[in-house]
1. Restricted to Cα positions, what overall size does chain B have along the principal axes? Three whole-Å values, descending.
2. Count, for each residue of B:42-51, the Cβ atoms from other chains sitting within 10 Å of its Cβ, then give me the mean as a whole number.
3. If you only keep lysine pairs separated by 8 or more in sequence, or across chains, how many in chain B come under 28 Å at the Cα atoms?
4. If each DSSP helix of 4+ residues adds -39,500 (n - 2.57) and the sum is divided by the residues in chain A, what number results at 222 nm, nearest 500 deg cm²/dmol?
5. Ranked highest first by the average count of other Cβ atoms within 10 Å around their residues, in what order do B:124-137, B:261-274, A:57-70 fall?
6. List every residue whose amide H lies under 5 Å from the amide H of residue A:234, counting only residues 5 or more places away in sequence or on a different chain, with H placed 1.01 Å from N in the peptide plane.
7. Out of A:302, A:88, A:71, whose Cα points farthest toward the positive end of the dipole of chain A (charges: +1 Lys, Arg; -1 Asp, Glu; placed on Cβ)?
8. Pull up the DSSP beta bridges for region B:1-156 and report the antiparallel fraction as a percent, rounded to 5.
2 protein chains.
Amino acid sequence: MTGPGPVPAIAVHGGAGTVARSSLSAEQEARYHAGLAAAVKAGQIVLMQGGSALDAVTEAVVSLEDCPLFNAGHGAVFTSEGTHELDASIMDGRTLAAGAVGCTRRIRNPVRAARAVMAGGDYVFLVGEGADRFAAEEGLVLVDNAYFATEARREQWRLVRERGGTALDHDAATLFAVLPKTRPDPDNKLGTVGAVALDRDGNLAAATSTGGLTNKHAGRVGDTPIIGAGCYANNRTLAVSATGSGEVFMRLVVGHDISARMEYTGADLAASCSHIIMERLPAYGGRGGVIAVDRSGKIALPFSTEGMYRGYARGNDAPVTAIYR
Amino acid sequence: MTGPGPVPAIAVHGGAGTVARSSLSAEQEARYHAGLAAAVKAGQIVLMQGGSALDAVTEAVVSLEDCPLFNAGHGAVFTSEGTHELDASIMDGRTLAAGAVGCTRRIRNPVRAARAVMAGGDYVFLVGEGADRFAAEEGLVLVDNAYFATEARREQWRLVRERGGTALDHDAATLFAVLPKTRPDPDNKLGTVGAVALDRDGNLAAATSTGGLTNKHAGRVGDTPIIGAGCYANNRTLAVSATGSGEVFMRLVVGHDISARMEYTGADLAASCSHIIMERLPAYGGRGGVIAVDRSGKIALPFSTEGMYRGYARGNDAPVTAIYR
C-alpha cells in the first residue's frame with residue numbers, strides 16, 4: 001500500500017484550432033465530448049487503481065489515437081502524397097526518461113512505440129522506416145498505412161489540394177467551418193492529441209501524438225515528438241502536452257520553456273503556461289494551447305485559439321470536457 | 001555601412017569524447033588542428049567581410065562536414081545496416097527561425113539542407129526520404145550514400161560489430177584508443193560538429209551536424225537536429241552547439257536550458273554552460289560539451305570528457321584550436 005499521496009489527476013486534449021460554435025452540430029459536439037471523456041476515463045482508471053502516470057497517459061492517448069475524430073492514429077490527416085505519417089512522444093517526469101517516434105507509417109498506436117523506445121533505454125527518438133522496424137522488433141501491432149485513413153480526412157485533403165494549400169485544419173469538424181473560406185486559415189493548422197497525469201506516488205508524465213499537417217511535405221516532423229517542445233515532464237515542475245502551430249512551438253521550445261520559468265523564476269503553473277501561450281507564442285505568430293498538470297495536481301488548459309478539445313478529471317470525479325472558450 | 005558593432009566571434013567543435021593524449025600521434029594531432037582551423041577560418045572570413053552569423057556558421061560546418069576526420073558529412077559513421085544517416089540543424093538568434101534535417105541519406109552537406117528548410121519558412125524539421133527529396137527540390141547537391149564512407153569508419157564499424165556493441169566512438173582517432181578495451185566505453189559514443197557565431201550586427205547563430213552513433217539502429221535521431229537540445233540561438237542569451245551523449249542532451253533540453261538559466265536567473269554564459277555540462281548532465285549519466293557565444297562576444301567551451309576538438313577566433317585574430325583539457 002502506498003501512503004496517502006496526492007489525489008491523482010489527468011487531463012487530455014484533442015487539438016486546438018478554429019472551432020467556431022456554428023461549425024459543429026449538436027450531434028457532432030456530443031461525439032467529441034464522448035471521445036474526450038473516454039480518453040480521460042481510460043487514464044483515470046489506471047490512476048485510481050494505483051497505476052503510474054506513465055501508464056495513464058499511454059492509455060489515454062491510445063484511446064484518442066483509436067478515435068477517428070482526432071488527428072492521430074486512425075483518423076490522421078493525409079500528407080501531400082496521400083499517405084499518413086505519424087509522430088508521438090512520451091516522457092517520465094520522475095527520471096526524465098523519454099521516447100519518441102517520427103514519420104512512422106505502419107505503427108497502429110505510435111504512442112506505444114514511443115513508450116517502447118523509452119523502455120529500450122538506448123535511444124530517445126527513432127524516425128521513418130527505422131521506427132517502424134523497431135516497433136516490429138518490439139512486437140507492437142503494425143497495420144497497412146491505409147488503416148489510418150477516414151473518409152472525412154480524405155475529403156479534407158481533396159479540398160486542401162483544390163485550393164493549392166500546403167496545410168489546413170486537422171479536424172473533421174472544422175472541415176465544415178473552412179468550406180466558405182477562399183484561403184486556408186492559419187488557425188486551422190492545428191491538430192494533435194495528448195495527455196498529462198499525476199499519479200498517487202507524486203510522479204508526472206506527458207504524452208503527445210499526431211498525424212501532423214494536412215497535405216504536409218513528406219518527412220515533415222512537428223513539435224509533437226520533440227522532447228521539450230510538444231511534450232515535456234519533470235517532477236520538479238510539470239507535465240505538459242502541446243497542440244498548435246508546431247513549427248513555432250519548436251522554435252520556442254514551448255514545453256521546456258514553461259518548465260524553466262517555473263523552475264528558475266518560481267512562477268506557478270497557470271502563470272507560466274499563460275505567459276508562454278498568451279504572450280510569447282503570439283509574438284512569433286504562433287497559436288495553440290497546452291494541457292498541463294503540476295505535482296500538487298493543479299491543472300492548466302490555456303489556449304489562444306477559438307477552441308481546444310479538452311477534458312480532465314481529479315480522483316474519482318466525473319470527467320469534465322469542453323470544446324470552446 | 002553598419003556602425004562599429006561588436007567584434008565578430010566564431011567557435012567550432014568537432015566532437016567530444018575519450019581523446020587520451022596517448023591515442024593520437026603528433027601527425028594525427030596536426031591534422032585535427034588543421035581541420036579545426038580551416039573551419040574557424042571559413043566562418044571568420046564571412047564575419048570579417050561583414051557577413052551574417054548565419055552564413056558564418058553554415059560555412060564553418062560545411063568545412064567540417066567535408067573533412068573526413070569528423071563524424072559529419074564525408075567521414076560519417078556507419079549505421080547497423082552499413083549505411084550512413086545524417087542529421088543537421090541551424091538557428092537564427094535574431095528571429096528564432098530554425099531549420100533541421102534528420103536521417104538523411106543523400107544530401108552532401110546536411111547543414112545546407114537545414115538552412116534551406118529554415119529559409120523555406122513552412123517547416124522546421126524534415127526527416128528521411130522526405131528531407132532528401134526536399135533538398136533535391138531546392139537544388140542542393142545529392143550524392144550516393146557511399147560518398148560518406150571512409151576506410152577508417154568502416155574499420156571502426158567492423159570492430160564494433162565484432163564486439164556486439166550497438167554504439168561506440170565516433171572519432172577515427174579514438175578508434176585506436178578503444179582497441180585494447182573489451183567493452184564499449186560509454187565515453188566513446190560522442191561525435192558531432194558544430195559552430196556558433198556573433199556577427200557585426202550583434203546577431204547570434206548556431207549550427208550542428210552529425211553522422212550519429214556507430215552501429216546505431218536505422219532511424220535513430222539524436223540531439224543534433226533538435227532545436228533546443230543540440231542547437232539553439234537566441235539574441236537575448238546565446239548561441240550554442242552541443243556534442244555528447246545525445247539521448248541525455250535531448251532529455252535535458254541542454255541548449256535551451258542553458259539559455260533559460262541565463263534569461264531567467266541572470267547567470268552569465270560561462271556559469272550557465274558550466275552548470276548544465278558539469279553538474280546537471282552528469283547527474284543523468286550524460287557526458288560531452290558545448291561551444292557557446294553570447295551577444296558580447298564571450299566564448300565558453302566547457303566539456304566533461306577527456307577531450308573536445310574545438311577552435312575559435314575573435315575579429316581578425318588567428319584561430320586558436322585545442323583537443324585535450
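1. 58, 43, 36
2. 0
3. Taking the Cα cut-off of 28 Å, the pair count is 5.
4. Result for chain A, helices only: -9500 deg cm²/dmol.
5. Top of the packing list down: A:57-70, B:124-137, B:261-274.
6. A:239
7. Highest projection toward the positive end goes to A:302.
8. 65 percent
The values are calculated or read from the model by the stated rules, or taken from the named source; none is laboratory data. Predicted model only: the values in this text are computed from it and were never measured. All Cβ positions, even for glycine, are placed from backbone atoms using ideal geometry, and neighbour counts span all protein chains on display. SASA here: full protein model, heavy atoms, side chains in, ligands and nucleic acids out. Shrake-Rupley method; radii C 1.70, N 1.55, O 1.52, S 1.80 Å.
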